[in-house]
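First comes the structure, then the notes that go with it.
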Amino acid sequence: MKLEHPILCANYLQGVVQTHKDIAEQDHIDTRLHNAEAALQDATEWAQATLNSIGDAVITTDLSCRVTYLNRVAESLTGWLSIDALGKPLAEVLVLVDGHTLLTATNPAQRAMEENRTVGLAMDCVMIRKDGSQLKIEDSAAPIQGRDGCIKGAVIVFHDACQSTAQSSQLAYQAQHDSLTGLPNRVLLSERLSWAIGLAKRHQHQVALIYLDLDAFKPINDSLGHAVGDALLQSVAARLSECIRDTDTICRQGGR
């Protein structure tokens with residue numbers, strides 16, 4: 001683009017100054033900036049969607065330990081909405097105390113930044129939620145570093161410790177019990193049988209092992225369907241369970 005500016009001297013025209021501006025180059029710069037902003041926006045939305053989809057709570061802070069981000073799980077566990085928590089001190093949003101003494105626990109984000117490493121939360125740590133209720137949590141914190149290697153803040157990842165324990169117990173139960181009848185499976189039978197044999201040898205007792213087979217079970221499945229066959233197995237398991245002592249074990253080996 002060319003612009004002309006007249007030069008006047010005592011109201012007489014002395015000449016013209018021409019200014020040239022490359023519009024194409026400016027348009028190219030504007031396009032690059034727009035694309036970079038769009039890419040940054042896409043990356044931010046992708047990161048937020050990813051953090052919101054995981055099962056752990058995530059909180060990030062700046063160097064001053066002020067909250068810069070909460071994902072949805074963090075909102076649910078702490079009781080703080082992101083819009084209310086942003087900019088507040090982490091110690092106000094993530095209130096941590098010792099589960100035994102109720103004394104304030106060490107700030108994991110501050111430790112992570114000071115020591116420049118990932119740190120874990122102390123055992124039996126309890127979080128005081130916004131409504132005053134208590135929740136036992138497990139967490140870790142790590143420093144956030146920029147491209148220059150300098151620490152920019154910290155990220156804290158935590159979850160409900162009670163839920164974690166319950167899930168572990170459920171997985172252990174499923175690994176040792178038959179899913180249809182709820183009876184111990186071969187794994188649990190092997191453990192209990194080994195224990196019973198060892199105990200019998202020590203006290204010079206005997207161990208009884210009885211194997212029961214359901215005759216003509218296959219025709220029931222073939223003629224009446226597997227749903228009826230499953231109901232029959234559940235009924236047999238319930239009746240046998242009523243006939244034994246608490247120290248006895250009934251196991252379902254499973255069909256072949």
Working only within the range 205-256, note down all residues that are part of a helix (DSSP H, G or I) and either in contact with a Lys or Arg (Cβ under 6 Å, 6 or more places away or on another chain) or of a type in the set (Val, Ile, Thr) (or both). 220, 228, 236
Given (1) buried (at least 19 other Cβ atoms within 10 Å of the Cβ); (2) under 20 Å from the mean Cα position of the chain (by Cα); (3) without any contact (Cβ under 8 Å) to a residue 60 or more places away in the chain, where does residue 113 come up short, assuming only one miss? (2)
Among 70, 81, 103, which is free of Cβ contacts under 8 Å to residues at least 40 places away in the same chain and crowded, with 21+ Cβ neighbours inside 10 Å? 70
Testing residue 64 on (1) within 16 Å of residue 139 (Cα to Cα); (2) in a loop (DSSP other than H, G, I, E, B); (3) at pLDDT 90 or above, one condition comes back false. Which one is that? (1)
Checking residue 128 against (1) modelled with pLDDT under 85; (2) in contact with a Leu (Cβ under 9 Å, 6 or more places away or on another chain), the condition it does not meet: (1)
Within the range 197-231, restricting to residues that are touching a residue at least 12 places away in the same chain (Cβ under 8 Å) and surrounded by 11 or more Cβ atoms within 10 Å (Cβ to Cβ), the one that is farthest from residue 243 (Cα to Cα) is 220
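The values are calculated or read from the model by the stated rules, or taken from the named source; none is laboratory data. Note that this is a predicted model, so its numbers are computed, not measured. Positions of Cβ are backbone-derived with ideal geometry, glycine not excepted, and every protein chain shown enters the neighbour counts.
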